[in-house]
Amino acid sequence: MPAFIGLDVGGTKIQAGLVSAKGMVLSRHRLPTDAKSGKAAVLANITQAIRSIWKPGIKAIGVGIAGLVDHEKGLYRQGPNMPTEFKNLRLANILEKLFKVPVRLDNDVHCFTLAEASLGAAKGKRHVVGLTLGTGIGGGIVIDGKIYRGRDNGAGEIGHTTVDLSSAITCSCGKNGHFEALASGSAVTAMYRQKTGKELNAADVEAAANQGDADAAETMAMAANALAAGLANIAQTLNPDIIVVGGGLMRSEMLWKPALAGFKTAVAYPPLTSTSVVRAKLADDAGMIGAALLHRNK
């Protein structure tokens, strides 16, 4: 059977999957990105990830990577988690020369959304928005089975929309009041640090809230309010059939349930309260599957 390789390249780890033409993950491999060691190390790890699951008959390789991507040129423009030397890197061309098969490149959350729209929680829906809640917040838009890219393939940068002009919390991009700065894992850490001077990750802040820590509970409530506002902005701007939420933070019940309730009251028009907001179905496989599917989503 023809098979594809899909790569999900993040700032901390690379996930590689051998994916069938129907989108089934046949095998997978994970290894560190090691972005702190520079461009050569990241390229070596991407190459090793591909080789770890390579088999004869591979038709093509797809790569999803966080940041701004020129998908037509196979060019990685820039992103917050990759080495500085990675800017304007012709990654698709490098991999094509090494592996002698076609390579397509796109933003990682575009790939996540494509997978969920094609085979996951949004299968059968025409207008789909994907949202990933992790260290940061990423977004993607799929309309009638095709990624909506905008002029610069930058459509879906939902994490950098503004939800609170009065906020003094700075986003990873350097701006204040962004969705990512108020509702991501790093936001929860930053808001709790601002209140207490203590450094806890988002999971530990939630655990502290469950144990009666008032500052932690207030932090989680602030993040849930911001998530509700972000979801309402998506529903009112794009009017999708469904918003699919993935990433590690979406597992937080203390964030998820209040955000869904807040979303219902935040939207301006009653019909928008029926917009489906659901958790992702494909879990950690979504990025790999979506990257492989790039070859049929040109």
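The values are calculated or read from the model by the stated rules, or taken from the named source; none is laboratory data. On a predicted model such as this, the values are computed, not experimentally measured, just so you know. Note that each Cβ is placed from the backbone with ideal geometry, even for glycine, and that neighbours are counted across all protein chains shown. Please note that ligands, DNA and RNA were not included when accessible areas were found on the heavy atoms of the full protein model with its side chains. Shrake-Rupley method; radii C 1.70, N 1.55, O 1.52, S 1.80 Å.
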Subject >> Dipole-positive endmost among Gly185, Thr170, Gly138 within segment 119-206 (Cβ charges, Cα centre) >> reply: Gly138
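Would you work out what percent of the accessible area of segment 5-157, with all protein chains in place, is carbon or sulfur (probe 1.4 Å)?
Solvent-exposed carbon and sulfur of segment 5-157 make up 50 percent of the total.
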Subject >> Inter-site label distance for Leu26 and Lys146 at 7 Å from Cα along Cβ, in nm >> reply: 3.0
Subject >> Furthest towards positive pole of dipole, Val277, Met254, His295, structure part segment 210-298, Cβ charges >> reply: His295
Subject >> Lys, Arg +1 and Asp, Glu -1 on Cβ, resulting dipole of segment 139-188 about Cα centre, debye, nearest 20 >> reply: 120
Subject >> Mean Cα-pair separation over length for segment 237-298, i.e. relative contact order, pairs under 8 Å, 6 or more apart, % >> reply: 47
Original post:
What accessible area per residue comes out for the chain, rounded to a whole number of Å², with a 1.4 Å probe?
Top reply: 45
**OP:** Would you please state which residues of segment 18-58 a label at Arg296 would reach in this model, taking the label point 7 Å out along Cα→Cβ and a backbone N cut-off of under 13 Å?
**Re:** 19-25
Subject >> Cα centre as origin, Lys/Arg/Asp/Glu Cβ charges: the chain dipole, Debye >> reply: 1200
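Is the C-alpha gyration tensor of segment 90-180 telling us rounded, prolate or oblate? Criteria: a/c under 1.5 is rounded; beyond that, a/b larger than b/c is prolate, otherwise oblate. Don't skip to the answer; put the middle values down first.
Numbers: a/c = 2.60, a/b = 1.42, b/c = 1.83.
Oblate shape, in that a/c is at least 1.5 and b/c is the bigger or equal ratio.
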Subject >> Dipole axis of segment 51-106 (+1 Lys, Arg; -1 Asp, Glu on Cβ), positive-most option in Leu98, Gly64, Leu75 >> reply: Leu98
Original post:
segment 150-282: D in µm²/s via Stokes-Einstein (Kirkwood Rh, Cα pairs, 20 °C, 1.002 mPa s)?
Top reply: 140
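Given Lys36/Lys198; Lys36/Lys123; Lys123/Lys257; Lys257/Lys281; Lys198/Lys257, which pairs have Cα atoms separated by over 28 Å?
Among Lys36/Lys198; Lys36/Lys123; Lys123/Lys257; Lys257/Lys281; Lys198/Lys257, the Cα-Cα distance tops 28 Å for Lys36/Lys123.
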